[in-house]
Amino acid sequence: MTERIPVMRPQLPTADELLPYLRRIDEARYYSNHGALLRELEERLAEFYGVPASNVSVVANGTVALSAALLAVGAKPGSRCLVPSWTFVASAAAAWAANLRPYFVDVDEATWMLDPDALRRRNDLDDVAAVMAVSPFGAPVDTAAWDAFSDDTGIPVIIDCAAAFDAVASVEKAKPGRSPIMISLHATKALGSGEGGLVISTDERVMERFNQICNFGVWHAPGQILGYNGKQSEYHSAVGLAAVAGWPKRRHALEALTNEYKSRLSIIDGIGMVPGYGNGWVSCYCNIRTAGDATASIAKLASAGIDTRRWWQKGVHRQEAYSRFGRDPLRVTEYLADRVFGLPFFHDMREQDVNRVIEELGTALQG
Ligand SMILES: Cc1ncc(COP(=O)(O)O)c(C=O)c1O
C-alpha cells in the first residue's frame, strides 16, 4: 500500500535542543511573568526584524495578540472592524474578542489582500474603528501603504501577518512600521514555539498599551486599564529560542522546497499560486489555485493518498458563527475560496513525495 502524504508535518525543536533552555528554567525557578527566556526571545526577534527590543512583544498566541493590538490602538468598542473574509477565522474572532463587529470586505484579485486605495474610496468609514489587513498565506504586506492609509483616514490598522514570520524580515516593503504587525508562532507555522504570537510596532505608546493589556491592564506606568492575561510562559519561550537558533537551517530547507514546487507547478496548465509566492520569502504553505472549483481535484488527490487542506475553508463569512455579521459582496473571496487549497508542504518533505504530489495533481486535474 502506498503511504499517505500528510499536508503538513510540524516539527518543533527536539528534547535535546530544548534541554539547555529548560535547565535555565529549573535553575531560576521562574516560570512565567516576563522571565529571562521571554525577554531573550523578544531581543532575538527584535534583532531579526531590525527594531529595538521595546518594539517587540511575545504573548500567548496570535489571536490574543491581534485582539490586544486592536485594543492597544484604541479601536472604539461596538464599532465595525473591516476584515477580509479571505482569511483564517482567527482574524475575525480577534475583532469580536476586542468588542468590535467584524465587517467583511473583499480582497483585491491581483494581491489576494485588502487594497488600501479601495478602502479609502468608501463612503461608510465613519463608524469604522479599525481595519485588519491580512497577509495571504505569509506573503509580504506593504506596511508603509497601510501606515499612510491610517494617517489619511485616522483609522488604525492592524496587520495580521500570521504566516509571514519570514517575509516581514526578508522583504523590504513588509518591514515593521507603526501599524502593529502580528506574527503567529503556532506549531504549524514556519517558526513555532508551540503556541505564541508576536506583535511588532515602531509606535512605543502602542507597544506600552499592548503590554499593559496583556498583563491584566498593568505595566510599568502607574495606573490600570482594562486588560487580561496574554502572557507567554518561560516553557514556550524556551521552544521559541531553540527554534530561532535553528531558523537558518529551517529556512534553507523551506526555500529549496518552495523553489522546487514553483518550478514544477509552473508547467501545469491552469494552476495559479499566491501572488508573488516565494519571491524572496518562505512560509509554511504551498497553496494553489485551480482553474475551476477544486472539490473534485481535492477528492481525487485524497483517494490517491495525498492530503490537502483548504486552509481558509470557504471564507469566514460562509462559516456558521460569522454569517450574522455585515459584509460587502465578496466576489473575489468566493472565487478564491472555491479554488484554493494547500498541497503537502513541510521542511523535510522527500523529493519522491514532491514527485508523487505533482504527478497525482496532474492526473487529478485531467478530469
Ligand atoms: C491568518 C491567521 N490569522 C490569525 C491566526 C491565529 O494565530 P494563532 O493560532 O497563533 O492564534 C492564524 C493561525 O493560523 C492565521 O492563519
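The values are calculated or read from the model by the stated rules, or taken from the named source; none is laboratory data. Quick caveat, the model's predicted, so the values are computed rather than measured. Cβ placement follows ideal geometry from the backbone for every residue including glycine, while neighbour counts extend to all protein chains displayed.
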Could you go through region 19-40 and let me know if any residue there is among the hydroxyl-bearing types (Ser, Thr, Tyr) and within 16 Å of the ligand (Cβ to nearest atom). no
In region 266-299, anything over 17 Å from the mean Cα position of the chain (by Cα) and in a strand (DSSP E or B) is listed as Gly272, Met273, Ile288, Arg289
Filtered residues of region 196-230 (kept if within 16 Å of the ligand (Cβ to nearest atom) and surrounded by fewer than 20 Cβ atoms within 10 Å (Cβ to Cβ)): Tyr228, Asn229
Of the numbered conditions (1) in the same structural domain as Val354 (by TED's automatic domain parsing); (2) outside any helix (DSSP H, G or I); (3) of a type outside the set (A, V, I, L, M), Gly227 satisfies every one except a single condition; which is it? (1)
Does region 3-16 hold any residues that are in contact with a helix residue (DSSP H, G or I) (Cβ under 9 Å, 6 or more places away or on another chain) and part of a helix (DSSP H, G or I), and which are they? Ala15
Val282 vs. criteria within 16 Å of the ligand (Cβ to nearest atom) and in contact with a Ser or Thr (Cβ under 8 Å, 6 or more places away or on another chain): yes
Pick out the one residue from Arg9, Arg80, Arg44 that is surrounded by fewer than 24 Cβ atoms within 10 Å (Cβ to Cβ), away from the ligand (no atom under 13 Å from the Cβ), farther than 27 Å from Leu254 by Cα and modelled with pLDDT of 95 or more. Arg80
Does Ala337 satisfy the criteria of being of a type in the set (Gly, Ala, Ser) and either more than 21 Å from the chain's Cα centre (by Cα) or under 30 Å from Pro13 (Cβ atoms) (or both)? no
Would you point out the residue of region 47-71, among those that are in a strand (DSSP E or B) and within 15 Å of the ligand (Cβ to nearest atom), that is surrounded by the fewest Cβ atoms within 10 Å (Cβ to Cβ)? Val58
All conditions in (1) in a helix (DSSP H, G or I); (2) surrounded by 17 or more Cβ atoms within 10 Å (Cβ to Cβ) are true of Leu19 except (2)
Just for helices (runs of 4 or more DSSP H) wholly inside region 85-180: which have at least 2 residues that are more than 15 Å from the ligand (Cβ to nearest atom)? 116-120, 143-153, 167-170
